[in-house]
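Chemist: Below is one structure. I have some questions about it.
What follows draws every value from the coordinates through simple rules; no lab data is involved. In this text the structure is predicted, and so the values were computed from the model without any measurement. Glycine gets a Cβ as well: all are built from the backbone with ideal geometry, and neighbour counts include every protein chain shown.
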Amino acid sequence: MQKETSKFSESTILEGMMSIRAVLAGNDDGINDRRITQILYDTARETHIHKELGYLRAIAEARGFTVTGVSAETIQEQTLGTTHGGLIACTTDRTLPSLSDAIASGRIRSDGFYTMIEGIEDPYNFGYAIRSLYACGCHGIIVPGRNWFSAAGVVARSSAGASERIPVYLTEHAMEAVDGFHSLGYSVVCAEEKTEHTLGLCPIVLPVLLIVGGEKRGLSAQVVKAADLRVKIAYARPFRASLSAASATTMFAYEIARQNKIPE
């Protein structure tokens, strides 16, 4: 139980080769300043992961990390699941720049697709949402000061590494993001049940800031009022429950990608 609860605590241990490669790619792209300080691998699996180890040893000195063999028990003590494949990375924290600084310095695209997610209660769902956003071409995500990037290992694994490859910006309040993107000529679109506009039947044109609320608390009335377009997801049968934030985000992200040629 203690280990399961710990998934919500701070963690900079990234599990598996997919997450490790994502950190390295984020470094190369200038998106992510997280650094790997040490690679630990299960010596009992060395023959099965010899290609991965060969690659990591070849770049270790240039990248500034060491590669060390340890017991399976040592690996297990620092991981949550069994999908790590016998490889984990000890890393530094990632610096998340403020949205206001990014806007002031011109780092936000003029033709982009950005997303802010409010109220996701679980780091796995947060990671699943980022996975969909990244796959659908989202250029960056906006998060509050308290966010699930503190559980970097869980988020990286559930997002298939996308969390380490997508730009992330901090905001103090959702309205700061709304006002900031409005100042750049963006339309603000939010998921909302009480509207005549239905996802898939109304145009959502770039540049756009998508805002999706968590299934429990939803979005604040202030944000909903300030949005340029409020869009609902129409169900195929009577059903009163809300979709998970990750599911709703996926549907919106796909529809935005379908309607627009997302620029690289």
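Chemist: With equal scatterers on the alpha carbons only and no solvent term, can you work out the Debye log10 of I(q)/I(0) for segment 2-91 at 0.15, 0.18, 0.26 1/Å?
Modeler: Each listed q corresponds, in turn, to -0.55, -0.78, -1.44.
Chemist: Under a crude label model (7 Å from the Cα following the beta-carbon direction), how far is Arg258 from Asp179 in nanometres?
Modeler: Distance between label points: 3.6 nm.
Chemist: Which of the trypsin sites (Lys or Arg not before Pro) found in segment 170-264 are loop residues per DSSP with 13 or fewer other Cβ atoms within 10 Å of their Cβ?
Modeler: Sparse-neighbourhood loop trypsin sites (Lys or Arg not before Pro): Lys194, Lys216, Arg217, Arg240, Lys261.
Chemist: Follow-up question, since we're still on this one. Per residue of segment 167-173, in order, report the coupling 6.51 cos²θ - 1.76 cosθ + 1.60 (Karplus, θ = phi - 60°) as ³J(HN,Hα) in whole Hz, putting x for Gly and Pro.
Modeler: x, 10, 10, 8, 9, 6, 8
Chemist: Let me ask something additional. Can you tell me which of Tyr186, Tyr55, Tyr134 moves the most in a GNM of the chain? Springs connect C-alpha atoms under 10 Å apart.
Modeler: Tyr55
Chemist: Where in segment 100-151 are there trypsin sites (Lys or Arg not before Pro) that are in a DSSP coil and have at most 11 other Cβ atoms within 10 angstrom of their Cβ?
Modeler: Answer by residue number: Arg146.
Chemist: To continue, here is another question. For the pair Phe239 and Ala135, how long in nm is the line joining their label points, each one 7 Å along Cα→Cβ?
Modeler: About 1.8 nm separates the two model spin labels.
Chemist: Would you mind telling me which residue in Pro123, Pro144, Pro238 has the biggest mean-square fluctuation in a Gaussian network model of the chain, where springs connect alpha carbons within a distance under 10 angstrom?
Modeler: Of the options given, Pro238 has the highest mean-square fluctuation.
Chemist: Return the calculated 222 nm mean residue ellipticity for the chain, to the nearest 500 deg cm²/dmol, obtained by summing -39500 (n - 2.57) across DSSP H runs with n ≥ 4 and dividing by the residue count.
Modeler: Value at 222 nm, helices only: -10000 deg cm²/dmol.
Chemist: Only Cα pairs within less than 10 Å get springs; with that Gaussian network setup on the chain, which residue of Phe252, Phe239, Phe126 has the largest fluctuation?
Modeler: Phe239
Chemist: For Leu40, Leu133, which order do you get if you count the other beta carbons within 10 Å of each Cβ and list the fewest first?
Modeler: Values: Leu40 22, Leu133 31.
Ranked by crowding around the Cβ, least crowded first: Leu40, Leu133.
Chemist: Oh, and also: Please order Glu255, Glu193, Glu264 by the number of other Cβ within 10 Å, starting at the fewest.
Modeler: Working: Glu255 19, Glu193 10, Glu264 5.
Fewest-to-most Cβ neighbours within 10 Å comes out as Glu264, Glu193, Glu255.
Chemist: Which of the listed residues, Gly112, Thr250, Thr66, is farthest toward the dipole's positive end in the chain, when Lys, Arg count +1 and Asp, Glu count -1 at the beta-carbon?
Modeler: Thr250
Chemist: Further, regarding this structure: Could you give me the percent of Cα pairs per 10 Å distance bin for the chain, shortest bin first, beginning at zero and ending with the bin that holds the maximum distance?
Modeler: Percent of pairs per bin, in order: 7, 29, 31, 20, 10, 2.
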